[in-house]
Each structure stands twice: as C-alpha cells, then as structure tokens.
1. When only Cα pairs under 8 Å and 6 or more residues apart are kept, what is the percent relative contact order across the stretch 44-187?
2. Find how many whole Å separate the alpha carbon centroid of the stretch 76-111 from the alpha carbon centroid of the stretch 117-188.
3. For the chain, what is the charge dipole size about the Cα centre, in debye to the nearest 20, if Lys and Arg each add +1 at the Cβ and Asp and Glu each add -1 at the Cβ?
4. Relative to the present Cα-Cα distance, how much length would full extension add between Q54 and M171 at 0.36 nm per residue of separation?
5. Quick one: net charge around F108, please, counting Lys, Arg +1 and Asp, Glu -1 for every other residue with C-beta under 12 Å from its C-beta.
6. Using a 10 angstrom Cβ neighbour count of at most 14 plus a DSSP loop assignment to flag exposed trypsin sites (Lys or Arg not before Pro), which longest range of the chain is free of such sites?
7. What does the net charge come to around R4 if you take all other residues with beta carbon closer than 11 Å to its beta carbon, with K and R at +1 and D and E at -1?
8. If you take every residue apart from Q54 with its C-beta less than 14 Å away from the C-beta of Q54, what net charge results, scoring Lys and Arg +1 and Asp and Glu -1?
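Any read-out appearing in this document is the output of simple, stated calculations on the displayed coordinates, not a laboratory observation. Predicted model, so just to flag it, every value in this text is computed and none were measured. Here the Cβ positions follow ideal geometry from the backbone for every residue, glycine too, while neighbour counts run over all protein chains shown.
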Amino acid sequence: MSKRILLIQGHPDVAAPHLNHALADAYANGAKAAGHEVRIVNVSALDFPMLRSQQDWEHGEVPPTLKDAQDDILWAEHLVVFFPLWLGGMPAVLRAFLEQVLRPGFAFNYSKSNPMGVKGLKGRSARVVVTMGMPSLFYKWFFRAHSLKALKRNILGFVGIAPIRQTVIGMSANLKPADVEKLESMMQKLGRAGQ
C-alpha cells in the first residue's frame, strides 16, 4: 500500500552535500521505487524569520514561504525528519521551522476541557534520523537522548503524530564509504517500507 511521505531535511548547510542529504536521497529513492509519493522540504533553503513572541506564535501569520510546507505536512501520511546533532539538539534553523509551521490552529488547538489541547495532526507517523559525532550509545545512555525524546514527545507527539520511530547514527565523521553504503541501503529499505 503506497503512502504519502514528506521528508524534512533539517541540515543547516546548503553549501555542500552531507551524510544527512545522502541518507534522505536513499530513503526517497527507496520510497519512490516502492510506489510511494514523496515530497521534500529543505528547511535551510527557505527564508523565514524566527518567532520572537508568544503573541506572534499564537496570533501571527505563518510566513508565506512556509505555507507550502504546511500544505505538505497536511498532505503527508508519514514524515521523516533528518538532522545532525548540534550542541546536543537539533540545529536552530530546524527548531525555528517547527515553531513556525506547528502553530496553534494548525498543528493543535487550545481546549478549555483539555490542558494538553486538541491534536491537529493525528493519523500521521514519523521517523527521526539523527547523525552525530559521538557514539550513539553514549548519546543514548549518558545523555539519555534528551533532545531526541523532546522532539518525539514534546513536539511531534504533542501534535498527534504517532508512532514515531528513530534512527540514531553515531561517529558520523568517521564513517568509511562502505559504512555509508550500508546506511544508505538501510534507508532505502525503510523508504520502500514507508517507515
């Protein structure tokens, strides 16, 4: 059964391709080969301001450059978010993007009867693919993967996206070409499966 899949590329550097781009390309190729529909949002290629007030977040307009991204999120049945771990979390441009597009009235609605709000993006699943310089086990056990958990629980889960799976790739700067090929093969398989 084919799915509508949105890839959100959160790597901030558009000057040169990185491992995140190769992984996203491999996922997209696998998904397309299996008959899934694929759209891609390259966050760092978009021009948008950062939110600077609660008033703007709750009542301001979504920047025109992000309206297509919101449409893509509504269209998608499955989202895949790619990013490198920077200072223990997602890069600022990806965080700023999520703050802009996942606003009240779109991703969730306030409710007097429910302090957690009404989730606006139910019915969608996600995968988060994170690359990092440290060993992935160190990130998971010593740092307890706090930034990944925050993204899964406090952002994606908060707006109703579930289930949310993860792929954590450590020591990314030390990968040999054969290691990258294995990772690309894994991404192609996930893409074919629409997971």
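1. Reported relative contact order: 24 percent.
2. Between the Cα centre of the stretch 117-188 and that of the stretch 76-111, the gap is 13 Å.
3. For the chain, the charge dipole is close to 860 debye.
4. Details: separation 117, 0.36 × 117 = 42.12 nm, distance 3.75 nm.
Gain in length upon complete extension: 38.4 nm.
5. +2
6. In the chain, the maximal stretch lacking such sites is 53-111.
7. In short, 0.
8. Working: positive: R52, R103; negative: D56, E58, E99.
Taking every other residue near Q54 into account, the sum is -1.
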